[in-house]
Amino acid sequence: MEQQLFEQFFRAAPPEIDVEAVWREWRALRSPYDINSRHLPLPVWARRSFTESGEQAWSILADDLEQFDPNKAFCIYIHIPFCARRCSFCDCYSFPLNRHRERHIKDYVGLLDQEMRLWGALGTLAQRPVSTVHFGGGTPPFLGADAFSRVVQSCQQCFQAGSHTEWALESTSSELTDEIVDTLDSLGFTRLHIGVQTLEDPVREHINRQEPAAVVLNKISRAVNRGWIVSVDMIVGLPGQTLGGLLSDLKTLAGAGVDGFSLYELQVSHRNRRFAEQYHLDDQPRLINYFFMQAASRYLMALGYRKTLFNHYARERDTNLYFTFPERGEDCLALGTIADGMFGDYHYRHPTYAAYCRGVTGVFPGLQGGLRRNALENRLQPLTTALMAGRVSSKLLIDSVGPILARRWRELALLAEAPHADDLHLTGSGSWFVGNMISQLVEQAPPG
Ligand code: SF4
């Protein structure tokens, strides 16, 4: 049955996809690496509970930040939870603002400003260089040009975020109006992540996208012509999606000058349950999503993109500084509702919107809780970072997990030798299972 599915799926695959290699990789999988058990990498706070309340975490961070090197760079993440409307397929934490839109935006921008001033007064944070400021969401441009500019100004006033900083944001194409794009340009933004998801117009209709593919492509081309680095998010597992359609999308976007692709599997949760029921997504074999991922990954590499993260494929100039801050050993100051950040080995998180709005005061940035990595998590941190980045040295692997698990991961074809290097790289299966690999690592790593 599964073999039939494989044959049907790859029947018309183009020569860029080595179908036999996909088959070998898939058939090498063994327990506990079951396609249906795949989960994404979990942050520390999701694997075990917070050990400190928000207030305690804030006090610990205030002490810790006194000790940090003022020359050490860090990155900033700012979460904007608002969207123009709720897309039926989306399981992100975001919501539309219909009533009292202006008041919500004004208040939220005020809270972010208050938070930045509090953090900026801690230790040496205001002196340290900022590598990147990344706005995620939600749809950050939904704030509108004026409110968005105020957030950027607060950031510039509180931290060393200037022309050396990579300014980046996520958006749907429909929020990228000429006015907002001009504003972003004048504010120094050079990097754009667009949630394209698919260019197949019938599939776009299923997921309630506002603009047809031709308009999206036009906006991408204009951003590319401004010299911006453009990265797109693509989803597999959408109703009506086909292999030919997905590969054609990737080719078209590559031809339009897209620098990077992030590949996601459609996640079903309470937030998009109705959509999943409408399209009977629970009846679809998840194996198909694995095949889509394998095909897309191999096709992007054939188009000249390199895997720079377990799910991101990039051309050379796409350095993607926010996604890669752990590799550079940087800290991350996260601001806004549900945003999670880390300084050294201390992790913290903000609560959901209402609690965040109530929690931020003149002396407290509304944190939900925090926890410090334990000795085992600290020892495994270089390896988990390397796995997330998609490549790992054999020595680091054996030192961290011991020879048995290291050999097992290679037998299961989760890791393979990288061409022309001593390192190992995450295969297509490894990219699918990286979250499970990290979980297995934490459960089975030999004591230090
Ligand atoms: S897909 Fe993007 S625009 Fe749509 S609801 Fe989710 S975060 Fe908002």
Within the chain, pairs of Lys residues whose Cα atoms are less than 26 angstrom apart, provided they are eight or more positions apart or on distinct chains, add up to 4
Computed over the chain, the relative contact order (Cα-Cα under 8 Å, seq sep at least six) in percent reads 21 percent
Cβ-Cβ cut-off under 13 Å around Arg317, Lys and Arg +1, Asp and Glu -1: the net charge is -1
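In debye, nearest 20, what is the charge dipole magnitude of the chain about its Cα centre with +1 on Lys and Arg Cβ and -1 on Asp and Glu Cβ, if you could check?
On the way: 44 positive and 51 negative charges, 74 e Å.
For the chain, the charge dipole is close to 360 debye.
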Calculated from DSSP helices alone, with each H run of at least 4 adding -39500 (n - 2.57) and the total divided by the residues of the chain, [θ]222 nm to the nearest 500 comes to -13000 deg cm²/dmol
When Lys219, Lys106 are ranked with the fewest other C-beta atoms within 10 Å first, the list becomes Lys106, Lys219
Of the residues Ser49, Ala314, Val152, the Cα lying farthest along the dipole of the stretch 47-328 towards its positive end, which is defined by charges on the beta carbon of Lys, Arg, Asp and Glu, belongs to Ala314
Going from the fewest other Cβ atoms within 10 Å to the most, one would list Ser262, Ser171 as Ser262, Ser171
Counted neighbours (other Cβ, 10 Å), sorted fewest up, put Glu25, Glu377, Glu16 in the order Glu16, Glu377, Glu25
Inter-part gap, Cα centre of the stretch 133-157 to Cα centre of the stretch 209-243, in whole angstrom, is 22 Å
Taking the chain and a Cβ-Cβ threshold of 4.7 Å, the cysteines left without a partner are Cys75, Cys83, Cys92, Cys155, Cys158, Cys332, Cys357
Given all pairs of distinct Cα atoms, the chain yields a Kirkwood Rh in Å of 23.0 Å
Once phi for every residue in the stretch 194-211 is put through the Karplus expression 6.51 cos²θ - 1.76 cosθ + 1.60 (θ = phi - 60°), the whole-Hz ³J(HN,Hα) values, with Gly and Pro written as x, are 9, x, 7, 6, 7, 9, 6, 4, x, 6, 4, 5, 4, 9, 6, 6, 7, 10
Candidates Val258, Val363, Val392; GNM for the chain (alpha-carbon contacts under 10 Å) flags as most fluctuating Val363
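We did not get these values from a lab; they are worked out from the coordinates using the rules stated. Just so it is clear, the model here is predicted, and its values are computed rather than measured. Ideal geometry is used to build each Cβ from the backbone, glycine not excepted, and the neighbour counts take in all protein chains shown.
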